[in-house]
Amino acid sequence: MKNGLLVSTFVLTVMLTFTPIFFIGATDEAEAQDTGQPMMLNNMKMFLSEGMEMTPLPPESSEWQAISIPNGFVRDGLFGYSILPIGHTYWRDVGMWSTQPLRETVNLGGEVRINIYATREAESGAVSSDFMFYIMRGTEILLQLSAMNQRIDDGVDNRIEAIGRFPSGNDTTIEAGTPLSMMIQARCNGGAIMKYGSTDLDAGFTFGSNALQILNLFMDKELITVEYKDAFMVPWIKLYTELRIDGVIHPNEQMMSEMNTFNRTREILWERESSPANYEVFISMSYHYSGTNNISMSKILNVHKPHISTWDSVKGVISAAFIWLVLVAIVILGIVLLAKWRKSVWRKRFRQLPALTQELSVHKKKKEWKTLKKERKRVKKQENHQRMWLPSLR
């Protein structure tokens, strides 16, 4: 009995000692599971465009495109037997619009709002239609939205809208190399026309994404550099951009663009003469020319005055003037060599003068040499004249 009591006491002590540790450990592990905050995305709109393409750029023309909404009503009778004048309306494909394969992986999220425009010819009567919209990753359906019992009046452009949401967390992605697509189906009891692609009929859908991102902003004395990524590879001249330095807007005509192949980004460059100082720089970018749903970055950037040592200054001057120094050295060397050559020539000439003239100055010796040279020419001329007349005397 006593042994049993001791064993029970020991077991109870062990349980009381380790049970709190067990629960504390379990609680700590549960608290460590952090789901994290959803990725911040920027609102944007994809527009339906000519050639069944989608683009983040808004339409630039007032001319609209059209595609048929097929008549889905079929008189197939009761249970498929056409012996009775009974019909049914079936789903029909309207079309699918796609982007080019994305350059970068894009996250999608938030509310999705689709709008299209449908009409019928004037005086043809109104019809009703159901619409189904599919947001797709290539051919894989990511999100399905519907707009039911839509009345399509004749002679007017009827706006049709559908609203939905991507799953929370903003972790729906479209990988690089895959297009973003939207497919439309309709169940229309008479057929209609869908219009899109003009400034007045900007059919498409809005959603959240990180397709356009400003990565960094740099500034030096001559350039302001904006490093950014664009999954849709829109030409940089089509992007809406605004640059402000200390509140002053700088025109886009000053900018140019380069592709940074090292980190697969693009850079917009503004040329500028900036004296050493601190500058408040603001950059705004958007797919829409109005700046709607723009992304922006603001920084205080410092343009440093480079420290150049005396030796560096001397090296810079020498490097800049190296060619001229070489040319001057060649000219001086040529003058020295010419002077030495002339001096050696005169020495040889002076040796030909009589011994009495060797003590004269250089200037007088040169005069004596010139006199001697003239005398030699005279004698040579006389000898030539005599040789010419000597045969005739014989």
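Quick notes
- Amide H contacts of residue 203 (H built 1.01 Å from N, in plane; Pro and chain starts excluded): 48, 197, 198 sit under 5 Å, all sequence-distant by 5 or more or on other chains.
- Ranked by the mean number of other Cβ atoms within 10 Å per residue, highest first, peptides 112-125, 372-385 order as 112-125, 372-385.
- Under Karplus coefficients 6.51, -1.76 and 1.60, residue-wise ³J(HN,Hα) of the range 168-182 in Hz, glycine/proline x: 5, x, 6, 9, 6, 10, 10, 6, 4, x, 10, x, 9, 10, 9
- Each Cα pair under 8 Å and six or more residues apart adds its separation to the average, and for the range 212-303 the resulting relative contact order is 33 percent.
Only the coordinates and a few stated rules stand behind these numbers; no lab work does. All figures in this text were calculated on a predicted structure; none of them were measured in a lab. Glycine gets a Cβ as well: all are built from the backbone with ideal geometry, and neighbour counts include every protein chain shown.
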